[in-house]
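One structure below.
Read the figures in this text as sums done on the coordinates, not as results from a lab. Quantities reported herein were computed from a predicted structural model and do not represent experimental measurements. Heads up, the Cβs are rebuilt from the backbone with ideal geometry, glycines too, and the neighbour counts pull from every protein chain shown.
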Amino acid sequence: MVKNILEDELRRLIPRIYELKPELCRCEQCTEDLLALALQKLPPKYISRPVGEVYARLELESVQAQVDMLEALLQAADVVIANPRCGRKANS
């Protein structure tokens, strides 16, 4: 099965984004929007077998990869905060 493991890594970082952006809505719709927007800003990390996953995850542990992922999530959070699709008013 082919999988973009970047999605797992971004999901793991989302609680940190909630700490940094407490105004970010935590509903399922906003969380999925946050993830989708961040994934669009980063190159995918596809794997098709377990050995490939080990190498890809090691790459994602680098300082630069962590910074890139956090930056993409923070930018996505700003968009979701300004335009929540869940019906919540922006910045409320």
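What to note about this one:
- Ignoring aspartates and glutamates fewer than eight residues from LYS3 along the same chain, the ones with Cα atoms less than 12 angstrom from its Cα are GLU53.
- Interatomic Cα distance distribution for the chain, bins of 5 angstrom, percent: 2, 14, 25, 22, 15, 11, 6, 3, 1, 0
- With a simple spin-label model that places each label point 7 Å from the Cα along the Cα-to-Cβ direction, the separation between SER48 and GLU32 comes to 2.9 nm.
- Full extension of the chain between GLN64 and LYS21 gives 13.3 nm of extra length, using 0.36 nm per residue less the Cα-Cα distance.
- Each residue of the range 22-37 was assigned a 3J(HN,Hα) from its phi angle through the Karplus expression (A = 6.51, B = -1.76, C = 1.60, θ = phi - 60°), giving x, 7, 6, 5, 9, 5, 4, 4, 5, 5, 5, 5, 4, 5, 4, 5 Hz with x at Gly and Pro.
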